[in-house]
1. Quick check on my filter: what residues within the stretch 89-103 are under 12 Å from V76 (Cβ atoms) and in contact (Cβ under 8 Å) with a residue 40 or more places away in the chain?
2. Considering every residue within the stretch 80-87, establish whether at least one is at pLDDT 95 or above and part of a loop (DSSP other than H, G, I, E, B).
3. Criterion first (modelled with pLDDT of 95 or more, closer than 19 Å to P133 by Cα and part of a loop (DSSP other than H, G, I, E, B)) does F100 satisfy it?
4. With R94, R74, R56, R90 as the choices, which residue is of a type in the set (K, R), under 16 Å from L129 (Cα atoms) and modelled with pLDDT of 95 or more?
5. Enumerate the pairs (first residue in the stretch 53-70 and loosely packed, with under 13 Cβ neighbours inside 10 Å; second residue anywhere and not in a helix (DSSP H, G or I)) with beta-carbon separation below 7 Å, excluding pairs fewer than 6 apart on the same chain, so at least 6 apart or on different chains.
6. What are the pairs with Cβ atoms under 7 angstrom where one residue, in the stretch 143-158, is at pLDDT below 95 and the other, located anywhere, is among the small types (G, A, S) and part of a helix (DSSP H, G or I)? Sequence gap at least six, or different chains.
7. Inside the stretch 40-57, can you point out the residues that are over 14 Å from G124 (Cβ atoms) and under 13 Å from the mean Cα position of the chain (by Cα)?
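The values are calculated or read from the model by the stated rules, or taken from the named source; none is laboratory data. Values in this document were obtained by computation on a predicted structure and should not be read as measured data. Positions of Cβ are generated from backbone atoms using ideal geometry, with glycine treated the same way; all protein chains shown enter the neighbour counts.
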Amino acid sequence: MLRLGLLLVCLFPGLALGEAALKDFEGEPRSIEEFTGGGQWTVVMIWASDCHICNREIHNYVDFHFVHSDQDARMVGISIDGWAGKTDARDFIRRHKVDFPNLIGNAEAVADWFRQQSGARWVGTPTFLLYNPSGQLTAQQVGAVPVEIIEDFISTSDPRSKPNG
């Protein structure tokens with residue numbers, strides 16, 4: 001069985017870590033690539049329902065998504081509550097009126113997925129990843145990130161926002 005697992009990891013590394021790590025709240029396997037690219041920046045927030053900072057700051061990211069989703073950027077959340085904590089994660093989403101897409105995975109699988117995406121060790125929640133409009137990971141940050149910093153980063157990094165000279 002171990003050999004089969006190693007073979008699957010070697011043949012399908014994205015499926016073994018990234019694809020299987022994340023599900024939607026109906027239990028369907030999902031990939032972050034479904035939400036990135038397409039001409040918009042994508043801000044991914046890794047959160048937990050019992051994270052005090054996540055609970056305190058989530059409204060800022062809900063507002064960011066509301067302001068930007070029809071224009072230049074969108075939010076996607078990833079809960080580390082795992083399938084066993086799905087009810088707590090749903091309560092977090094309902095309590096904070098989170099209207100952007102959210103996926104769920106257990107902490108270990110999300111840590112592996114994060115390492116695969118960023119090459120860095122996952123530290124904790126909240127953690128943010130920023131994908132450019134082409135779907136490439138451009139930045140990552142542990143801890144709350146003021147939306148003004150995200151907006152400034154996007155405006156200075158996006159060639160579409162620079163005046164023609």
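1. V98, P101, N102, L103
2. yes
3. Yes.
4. Values: R94 fails: under 16 Å from L129 (Cα atoms); R56 fails: under 16 Å from L129 (Cα atoms); R90 fails: under 16 Å from L129 (Cα atoms).
That would be R74, the only listed residue that is of a type in the set (K, R), under 16 Å from L129 (Cα atoms) and modelled with pLDDT of 95 or more.
5. That search, which allows pairs on different chains as well, returns H59/H96.
6. Correct list of pairs: S155/S161.
7. W41, T42, V43, V44, listed by residue number.
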